[in-house]
Amino acid sequence: MVDLKSQYEKIKSEVDAGIQEVIDNTAFIKGPQVKKFETELTAYLNVKHVIACANGTDALQIAMMALELKPGDEVILPAFTYVATAEVIALLGLKPVMVDVEPETFCINVQLIESKITPKTKAIVPVHLFGQCANMDAILTIASKHRLFVIEDTAQALGSVYTFGDRSKKSAGCMGTIGTTSFFPSKNLGCYGDGGALMTNDDELAKKLRMVANHGQAIQYKHDCIGVNSRLDTLQAAILLAKLPHLDAYAAARHQAANIYDQLLGNHPKIKIPARNPQSTHVFHQYTMQLTGVDRDTVRKALADKGIPSMVYYPIPLHQQKAFYNPDYTDADFPVTVELCKSVLSLPIHTEMDEEMIQFISNNLLELVS
Ligand SMILES: *Cc1c(COP(=O)(O)O)cnc(C)c1O
């Protein structure tokens, strides 16, 4: 699905030099590269604060801890997302309240959010799924009307830019109260292990986030709140410093690959190519299409037999997962999510694809569905 080896070969000297510098200095924890990466990502995103942490799941947890959400508080999230989003909500004793997604963008359906708000609702967690932003105009309006926090899960959309109704633009993860992201190797900005970060424009909250990520201390051995131990390794920071200058070129390469897929696959009646939110750039973390009138899993297996990888993100809706069992939920509450879980298929998309590869994949797929 990705080709991290070829990507590395092209920036080998920068990455290797960065890694060697960390080893030479032996500042493996909280080395200067961590601060430097935070500063550079802050500038790239045009946000006031970036706080690095150990992974994208921790970032979500740290966000909710710093906002002092209390057991029983309700947090609204899309039913069609990676498990991490719902997991940390439940882990903190908060109640995940799932909302169906939009059939076109696969992001949270903003028309359905208000019906789920109760006096206990404290936050909305939109997920900028597969590389493009959720409808942030509507989400921020609802949040301010009901005084809710907005935590943007930006693990799949770092570098995506949203254009508001008034034509102003902001980066994904920098529009709400807090943004969270992941540097898992296959993410658009991936390190060579685990990594994550939080973004905010709020000075006080930035201090609190940093404190929570560091055992609840701002001053060593003075613990003012319960925190966690969640750090970005210095080695990972050095790798990210080498990769960040390439992030826009990586997004452009993914975008170009998506355009070619669109051209080749866009006219087939059984294939629905991914829709693009006109208000957001798409950084194509995934190229996720829908198959109709054919059995998705049979097609996937036949592709695999030809040596073509594909993935189903996500095969089971969150409300059907045993871990999130809630007798109040039925499939009828999430018709779009249920349908997507049956019909979506993500094709290989990454920074190292050439037209020939995309043609090979597309031709095989077209043959299999016709
Ligand atoms: C990858 C991902 C996460 C979690 O990131 P990790 O770094 O693997 O913990 C959270 N949310 C979404 C939407 C993701 O895709």
For this session: Straight distance only, please: which lysines reach the Cα of residue 306 with their own Cα at less than 26 Å, same-chain residues fewer than 8 apart left out?
Result: 5, 187, 270, 272, 342
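For every other residue with a beta carbon closer than 11 angstrom to the beta carbon of residue 344, add +1 if it is Lys or Arg and -1 if Asp or Glu, then tell me the sum. List each step's numbers first, then the result.
Values: positive: 272, 296, 300, 342; negative: 339.
Local charge sum for residue 344: +3.
Which value, in debye to the nearest 20, gives the size of the charge dipole of segment 247-369 about its Cα centre, when Lys and Arg are +1 and Asp and Glu are -1 at the Cβ? Numbers along the way, then the final one.
Details: 10 positive and 14 negative charges, 38 e Å.
Around 180 debye, computed over segment 247-369.
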Exercise. Cα-based Rg (one decimal) and Dmax (whole number) for segment 247-369, in Å?
Worked result: 15.8, 49
Exercise. Which whole-Hz ³J(HN,Hα) couplings does segment 229-240 yield from phi under the Karplus relation 6.51 cos²θ - 1.76 cosθ + 1.60, θ = phi - 60°, glycine and proline marked x?
Worked result: 9, 9, 10, 7, 4, 4, 4, 5, 4, 5, 5, 5
Seminar exercise, completed: The long-range amide H neighbours of residue 53, using H built 1.01 Å from N in the peptide plane and a cut-off of under 5 Å, are 196, 197, 198, 232
Seminar exercise, completed: The answer for residue 214, listing residues at least 5 apart or on another chain whose modeled amide H is closer than 5 Å to its amide H, is 228
Problem set entry | Formal net charge of residues neighbouring residue 310 (Cβ-Cβ distance under 11 Å; K, R +1; D, E -1) | +3
For this session: Give the Cα extents of segment 99-161 along the principal axes, in whole Å, largest first.
Result: 33, 22, 17
Exercise. Between residue 323 and residue 252, what is the label-to-label distance in nm when each label sits 7 Å out along the Cα-to-Cβ direction?
Worked result: 3.9 nm
For this session: Could you pull out the longest piece of the chain with no exposed loop GluC sites (Glu not before Pro) in it, calling a site exposed if DSSP puts it outside H, G, I, E, B and it has at most 13 other Cβ atoms within 10 Å?
Result: 105-370
Problem set entry | Cα-projected label distance for residue 224 with residue 146, points at 7 Å along beta-carbon direction, nm | 3.1 nm
Exercise. Extension gain residue 316-residue 268, at 0.36 nm per residue separation less the Cα-Cα distance, in nm?
Worked result: 14.7 nm
For this session: Read phi for every residue in segment 208-220 and hand back ³J(HN,Hα) as whole Hz from Karplus 6.51 cos²θ - 1.76 cosθ + 1.60, θ = phi - 60°, with x for Gly and Pro.
Result: 5, 4, 5, 5, 4, 5, 10, 6, x, 10, 9, 10, 4
Problem set entry | Loop chymotrypsin sites (Phe, Trp or Tyr not before Pro), segment 264-343 (other Cβ atoms within 10 Å of the site Cβ: 12 or fewer; DSSP) | 325
Exercise. Of 350, 201, 361, which is farthest along the charge dipole of the chain in the positive direction, counting Lys and Arg as +1 and Asp and Glu as -1 at C-beta?
Worked result: 201
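Can you tally the lysine pairs in segment 9-70 where the Cα-Cα distance is under 24 Å and the two residues are eight or more apart, or on different chains? Numbers along the way, then the final one.
Details: 10/36; 12/30; 12/35; 12/36; 30/48; 35/48; 36/48.
The number of close lysine pairs in segment 9-70 is 7.
Treating only the Cβ atoms of Lys and Arg (+1) and Asp and Glu (-1) as charged, compute the dipole magnitude of segment 64-179 about its Cα centre; round to the nearest 20 debye.
On the way: 10 positive and 12 negative charges, 66 e Å.
The calculation lands at about 320 debye.
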Problem set entry | Convex hull volume per residue in cubic angstrom - Cα atoms of the chain | 139 Å³
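Give the calculated FRET efficiency between residue 17 and residue 355 to the nearest 0.05, with a Förster radius of 51 Å applied to their Cβ-Cβ distance. Working shown, then result.
Working: r = 32 Å, r/R0 = 0.63.
The computed FRET efficiency comes out at 0.95.
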Problem set entry | Lys/Arg +1, Asp/Glu -1 at C-beta; the chain dipole; positive extreme among 94, 34, 18 | 94
For this session: Starting at the first residue of segment 187-197, write each ³J(HN,Hα) from the Karplus equation 6.51 cos²θ - 1.76 cosθ + 1.60 with θ = phi - 60°, in whole Hz, x for Gly and Pro.
Result: 6, 4, 10, x, 9, 10, x, 9, x, x, 7
Exercise. What chymotrypsin sites (Phe, Trp or Tyr not before Pro) does segment 1-108 have in DSSP loop regions with at most 14 other beta carbons within 10 Å?
Worked result: 28
For this session: Could you work out the longest stretch of the chain that avoids the trypsin sites (Lys or Arg not before Pro) located in DSSP loops with at most 11 other Cβ atoms within 10 Å?
Result: 168-370
Exercise. Modelled label-to-label distance, residue 168 and residue 9, 7 Å Cα→beta-carbon offset: nm?
Worked result: 4.6 nm
Exercise. What is segment 14-89's relative contact order, in percent, from Cα pairs under 8 angstrom and six or more apart in sequence?
Worked result: 21 percent
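Each value in this text was obtained by applying a stated rule to the coordinates, not by laboratory testing. The structure displayed is predicted, hence computed values, not measured ones. When we count neighbours, we look across all protein chains shown, and the Cβ atoms used for this are built from the backbone with ideal geometry, even at glycine.
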